[in-house]
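First up is the structure itself, then whatever we jot down about it.
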Amino acid sequence: VQLVESGGGLVQAGGSLRLSCAASGNTFSIKAMAWYRQTPGKQRELVAAITSGRGNTNYADSVKGRFAISRDNAKNTMYLQMNSLKPEDTAVYYCNAQDSWLQYWGQGTQVTVSS
């Protein structure tokens with residue numbers, strides 16, 4: 001499975017961005033997908049996740065009510081709609097996919113929120 005993120009950039013506080021993650025390869029094997037983020041010196045943290053079956057979702061407390069994860073199975077693409085962005089949302093955002101054996105990661109996309 002290969003993952004390619006897009007949609008990052010610079011935005012002012014209170015603004016919005018939408019990240020995309022395009023999956024290719026053995027996408028039929030994917031059980032769940034997720035967005036993680038990481039800032040320098042800190043561990044990578046889960047932002048939001050979505051299952052491939054029912055599309056169940058879960059979110060980090062810090063983004064609940066502001067971010068929304070979704071997927072388009074026909075396009076093999078996952079999205080993260082980020083609203084009401086805060087400076088503390090600044091990070092490199094990574095797409096993640098899991099099958100029964102492995103985890104896969106994208107290259108990351110930078111999101112910078114200015115105050």
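Solvent-accessible area per residue for the chain at a 1.4 Å probe radius, Å²?
For the chain, the per-residue accessible area is 54 Å².
Considering only the other residues whose Cβ falls under 12 Å of the Cβ of A32, what net charge follows from Lys and Arg at +1 and Asp and Glu at -1?
In short, +2.
Which values of log₁₀ I(q)/I(0), to two decimal places, follow from the Debye formula for the chain at q = 0.10, 0.13, 0.18, 0.24 Å⁻¹ with a uniform point scatterer at every Cα?
-0.26, -0.44, -0.85, -1.44
Using the Cα centre of the chain as the reference point, and only Cβ charges (+1 on K/R, -1 on D/E), how large is the resulting charge dipole? Debye, rounded to the nearest 20.
The dipole magnitude comes to about 140 debye.
Carbon and sulfur together cover what percent of the accessible area of the chain at a 1.4 Å probe radius?
C and S fraction of accessible area: 48 percent.
In whole Hz, what ³J(HN,Hα) sequence does the range 74-80 give by Karplus (6.51, -1.76, 1.60; θ = phi - 60°), x for Gly and Pro?
Per-residue couplings from phi come out as 5, 9, 6, 10, 10, 10, 9 Hz.
Kindly give the semi-axes, whole Å and largest first, of the ellipsoid equivalent to the range 1-62, taking each as the square root of 5 times a Cα gyration tensor eigenvalue.
For the range 1-62, the semi-axes come out at 23, 15, 13 Å.
The values are calculated or read from the model by the stated rules, or taken from the named source; none is laboratory data. A quick note: this is a predicted structure, and the numbers were derived from the prediction, not measured. Cβ: placed from backbone, ideal geometry, glycine included. Neighbour counts: every protein chain shown. With ligands, DNA and RNA removed, areas are computed over all heavy atoms of the protein, side chains included. Shrake-Rupley method; radii C 1.70, N 1.55, O 1.52, S 1.80 Å.
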